Amino acid sequence: MKRNLMGLFMLISLAALLLTGCTSDTTEDDTMSEEGPVTKEKSELSFKTIDVGEAPNSVQEWVEKNRKEETKKVFHAEGKTYVIIMLGQKSTGGYAVTIDEMQLEKIVSPESKAGKGTVHVTYHTIAPEEGSINTQALTYPMAIAELEGTRDYEYQFSEQGKQNELKGSNNEEMGDPVHPDKLTGS
């Protein structure tokens, strides 16, 4: 009985988390520049996590060719944007990656600093605990997010740390922004 209640509680919590991650509220961040205050708009982007088999053939083919590599990539294909995070080839099971949120940040004023914007992609990874018993097989953990339309922005990836701190903030480098590539069907 307790086990069923715990499972139900976890399912409801997960559903609530997923639903709240798809909001579209906008916030502004004001800082100063020589021309006056810099106003940034931040808005959550709605996305859907998909399996590789649900992606267009061109994306599936790219993933198949590159699945052994640890990489982050953004593609435009068939009128949509695909954000891909691959952990590369792993020798055991127990690894996973999940995209938690995507947030568009744009500078809206002053006009001289206004630009297209940057999509901040926050994700987290799971690795097997040291000493745990796992499947001994080659695995290729990855996450693919699908966004409606072709979002032509820079994409900045940040990994959520084990204590809810973002890797990339403070002293650690976040890495270079990723620019979308266009894939055509085969």
- Query: Quick check: is even one residue across the range 148-160 exposed (fewer than 13 other Cβ atoms within 10 Å of the Cβ) and either under 17 Å from the mean Cα position of the chain (by Cα) or not in a loop (DSSP other than H, G, I, E, B) (or both)?
  - Reply: yes
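Inspect the range 47-61 for any residue being within 16 Å of P180 (Cβ to Cβ), at pLDDT 95 or above, among the aromatic types (F, W, Y) and in a loop (DSSP other than H, G, I, E, B) and give the result as yes or no.
yes
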- Message: It is to be established whether one or more residues within the range 167-183 are among the charged types (D, E, K, R) and at pLDDT 85 or above.
- Response: no
- Just one of T49, T81, T71 is touching a residue at least 60 places away in the same chain (Cβ under 8 Å) and surrounded by fewer than 19 Cβ atoms within 10 Å (Cβ to Cβ); which is it? T49
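The values are calculated or read from the model by the stated rules, or taken from the named source; none is laboratory data. Here the structure is a predicted model, which is why all the values come from computation and not from measurement. Neighbour counts are summed over all protein chains in view; Cβ atoms, including those assigned to glycine, are modelled from backbone coordinates with ideal geometry.
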